[in-house]
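Asks: Below is a structure I'd like to ask you about.
The values are calculated or read from the model by the stated rules, or taken from the named source; none is laboratory data. Remember, predicted model here, so these are calculated numbers, not experimental data. FYI the Cβ positions are ideal-geometry reconstructions off the backbone, even for glycines, and counts take in every protein chain you see. Quick note on the areas: whole protein, heavy atoms, side chains included, nothing else; ligands and nucleic acids left out. Shrake-Rupley method; radii C 1.70, N 1.55, O 1.52, S 1.80 Å.
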Amino acid sequence: MKDSLLHFIHSLFESLRDLLPILLVIAFFQLVILQQPIPNLGELLYGSFLVVLGLTLFVQGLEMGLFPLGESMAYAFARKGSVLWLLAFAFALGFGTTIAEPALIAVAEEASKVAAAHGAIENSLQAMEAYADGLRYTVALSVGIALVIGVLRIVFGWAIQYLIIGGYFGVVVMTAFAPEEIIGIAYDSGGVTTSTITVPLVTALGVGLASSIKGRNPMTDGFGLIAFASLTPMMFVMGYGMVIG
């Protein structure tokens, strides 16, 4: 119990250390450059404390739950010896975690509002919800397929650089043909998919799978799934824009 408390306090100070540069930047520009007092200082300090506490609990949760869960399931599927079930699990994991990704939800909702305001879609709640849901499901589908490709790469030992170069070549080609209004959203979609929920489970899956397959090195083969999960949404969202455009 005592060791757990000390570990939590240590993690709390680490989270505060990570957040401190942001607070210093805000204070510097507010007090030195703008030369204005910090508004609602009490609320700011309370909110900062909640952020530090939240980050600490989040990291603790990753260490105790998501990372061990992802690695143990990867080991279990590797022992089962069924590539088909492993691929099905990878797709479901990628699709499910992406659908639940808060950053993607926020970007999809904002994109639907902007699209409605500029006449790209009908300015109604139903149309905006359909547009946002379409974006989310398109991105989720792309991440699911990305993890399938990433798992196949680990299983068969494919070189990651050729897949990544080929993928970005596809992104460049599609950019030339996609509607202009969807390109920025597509590029942002590649970033928001790899956030708080997706990254821990996907990373644990790759490392666990590479560790459980003979001849694979977790350092060289276990990582790279996140790269695929960032790449494929750009292509799929541009394709989505071509279809609805």
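Asks: If you count only protein heavy atoms with a 1.4 Å probe, what accessible area per residue comes out for the chain, rounded to a whole Å²?
Replies: Numbers: 13820 Å² over 245 residues.
Per-residue value: 56 Å².
Asks: For W158, put the label point 7 Å out on the Cα→Cβ axis and report which residues of the stretch 113-148 keep their amide N under 13 Å from it.
Replies: Counting backbone N atoms under 13 Å from the label point, the list is 145-148.
Asks: Shifting gears a bit: Leaving ligands and nucleic acids out of the surface, order W85, W158 by accessible area at 1.4 Å, largest first.
Replies: Ranked list, largest accessible area first: W85, W158.
Asks: Could you pull the accessible area for V172 with a 1.4 Å probe, rounded to 10 Å²?
Replies: 100
Asks: Another one. Probe radius 1.4 Å, ligands and nucleic acids left out: which of S124, S142 has the largest accessible area, and how do the rest follow?
Replies: Sorted descending by solvent-accessible area, the residues read S124, S142.
Asks: Here is a follow-up. Just to make sure I understand: if all protein chains stay in place, what is the order of E180, E101, E63 by accessible area at 1.4 Å, largest first? Don't jump to the answer; show the numbers that get you there.
Replies: Values: E180 155, E101 0, E63 100 Å².
Solvent-accessible surface, decreasing: E180, E63, E101.
Asks: From the square roots a ≥ b ≥ c of the eigenvalues of the alpha-carbon gyration tensor of the chain, which class results: rounded (a/c under 1.5), prolate (a/b over b/c), or oblate? Intermediate values should be presented prior to the final figure.
Replies: On the way: a/c = 2.06, a/b = 1.08, b/c = 1.90.
Because a/c hits 1.5 or more and a/b fails to exceed b/c, the chain counts as oblate.
Asks: Once you treat every alpha carbon in the stretch 179-229 as an equal point and sum by Debye, what is log10 I(q)/I(0) at q = 0.23, 0.29 Å⁻¹?
Replies: So the normalised log intensities work out to -0.79, -1.01.
Asks: I'd like the distance between the alpha-carbon centres of the stretch 5-28 and the stretch 169-245, rounded to an integer number of Å.
Replies: The two parts, judged by their Cα centres, are 30 Å apart.
Asks: State to the nearest 20 debye the size of the charge dipole of the stretch 49-189 about its Cα centre, where the only charges are +1 on K and R beta carbons and -1 on D and E beta carbons.
Replies: Taking the Cα centre of the stretch 49-189 as origin, the dipole is about 680 debye.
Asks: What full-extension length gain, to one decimal in nm, is calculated for I38 and S82 as 0.36 nm per residue of separation minus the Cα-Cα distance?
Replies: 10.0 nm
Asks: Oh, and also: Using alpha-carbon pairs under 8 Å, 6+ residues apart, how would you state the relative contact order of the stretch 163-245 in percent?
Replies: 46
Asks: Taking all protein chains in place and a 1.4 Å probe, what share, in percent, of the accessible surface of the stretch 1-113 do carbon and sulfur account for?
Replies: Working: 5610 of 7620 Å².
Ligands and nucleic acids excluded, carbon and sulfur reach 74 percent.
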